[in-house]
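Let me begin by presenting the structure, written as structure tokens, before commenting on it.
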Amino acid sequence: MTIGFIGFAVCSIVFGSVNLEIGPYTLLIPIMLTGLCLSFVFIPMATLMMSTIPRQETGNATASPTCCAISAARSASPWPPRH
């Protein structure tokens, strides 16, 4: 997890130094590194979260964080919900 947070810090510094004279790879490489760092943060976190859950309750336990992530993404979305 530490490697992921250090990677996020490095990518944040790179994103903070972006100006108007950028090329296509100026943003592509930090975005790809951020995606790689996501796996180093969220996979261990999900493993720790699920380590104490009995196998029979695994489906219910994984539904809760998924619903939270979906509702957070919908609330941050600029588009109105479809009916």
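The values are calculated or read from the model by the stated rules, or taken from the named source; none is laboratory data. From a predicted model like this one, the values you see are computed outputs, not experimental measurements. Because the Cβ atoms are built from the backbone with ideal geometry, glycine has one as well, and the counts that use them run over all protein chains shown.
Structure notes:
- Counted as qualifying within the chain are the helices (runs of 4 or more DSSP H) with 2 or more residues that are touching a helix residue (DSSP H, G or I) at 6+ places or on another chain (Cβ under 7 Å) and modelled with pLDDT of 85 or more, namely 2-16, 24-50.
- Among the residues of the stretch 48-58, the ones that are under 21 Å from residue 1 (Cβ atoms), polar (S, T, N, Q) and either touching a residue at least 40 places away in the same chain (Cβ under 8 Å) or surrounded by 10 or more Cβ atoms within 10 Å (Cβ to Cβ) (or both) come to 0 in all.
- Of 34, 66, all but one fail to be in contact (Cβ under 8 Å) with a residue 24 or more places away in the chain and within 14 Å of the chain's Cα centre (by Cα); the exception is 34.
- Summed over the stretch 59-76, the residues that are of a type outside the set (Gly, Ala, Ser), loosely packed, with under 12 Cβ neighbours inside 10 Å and closer than 27 Å to residue 2 by Cβ give a count of 2.
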